[in-house]
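The values are calculated or read from the model by the stated rules, or taken from the named source; none is laboratory data. Everything numeric here is computed off the predicted structure, so don't read it as measured data. Reconstructed Cβ throughout: ideal geometry from the backbone, glycine too, with neighbour counts over all protein chains shown. All accessible areas refer to the heavy atoms of the entire protein, side chains included, with ligands and DNA or RNA removed. Shrake-Rupley method; radii C 1.70, N 1.55, O 1.52, S 1.80 Å.
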Amino acid sequence: MFKIQYRNPQGRMVTAQSSSADTIRQLADKAQQDMPETHELRVREVAVDEASGDFIWADCTADFTR
C-alpha cells in the first residue's frame, strides 16, 4: 500500500492511496510536471518495523522521483 501527497497547481494538498506502484508513479510524474519547483511530493509505503513488528509508513519518495 502506498500513500502520495503533493501540492496541486491551485496550491491545495492532494492525498491519494493505492496498492499499485504504477498508479503512484503516474501521480508523482503529474505532480512534478504540473509544479516542477513547488510540488512538495511525498510518497510513503506500508512497511513492518523490525524492532516492534508494527506496521509503519516508510518514506519512499526517492523511488518515485526522477
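Here is how the numbers come out for the structure above:
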| read-out | value |
| --- | --- |
| Within segment 13-30, considering residues that are in a strand (DSSP E or B) and among the polar types (S, T, N, Q), the one most open to solvent (accessible area, probe 1.4 Å) | Q17 |
| Restricting segment 52-64 to residues that are aliphatic (A, V, I, L, M) and part of a strand (DSSP E or B), the residue that is farthest from T15 (Cα to Cα) | I56 |
| Filtered residues of segment 26-66 (kept if β-branched (V, I, T) and touching a residue at least 12 places away in the same chain (Cβ under 8 Å)) | T38, V43, V46, T61, T65 |
| Residue check for E45: at pLDDT 95 or above and either assigned to a strand (DSSP E or B) or open to solvent by 100 Å² or more (accessible area, probe 1.4 Å) (or both) | yes |
| Total residues in segment 52-66, condition out of contact with any helix residue (DSSP H, G or I) (no Cβ under 9 Å at 6 or more places or on another chain) and either basic (K, R) or open to solvent by 40 Å² or more (accessible area, probe 1.4 Å) (or both) | 8 |
| Subset of segment 1-49 (residues that are among the small types (G, A, S), closer than 12 Å to F64 by Cα and in contact with a helix residue (DSSP H, G or I) (Cβ under 7 Å, 6 or more places away or on another chain)) | A28 |
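Conditions (1) part of a strand (DSSP E or B); (2) among the β-branched types (V, I, T); (3) modelled with pLDDT of 95 or more; (4) open to solvent by less than 40 Å² (accessible area, probe 1.4 Å), marked per residue:
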| position | (1), (2), (3), (4) |
| --- | --- |
| Q5 | yes, no, yes, no |
| G11 | no, no, no, yes |
| E37 | no, no, no, no |
| E50 | no, no, no, no |
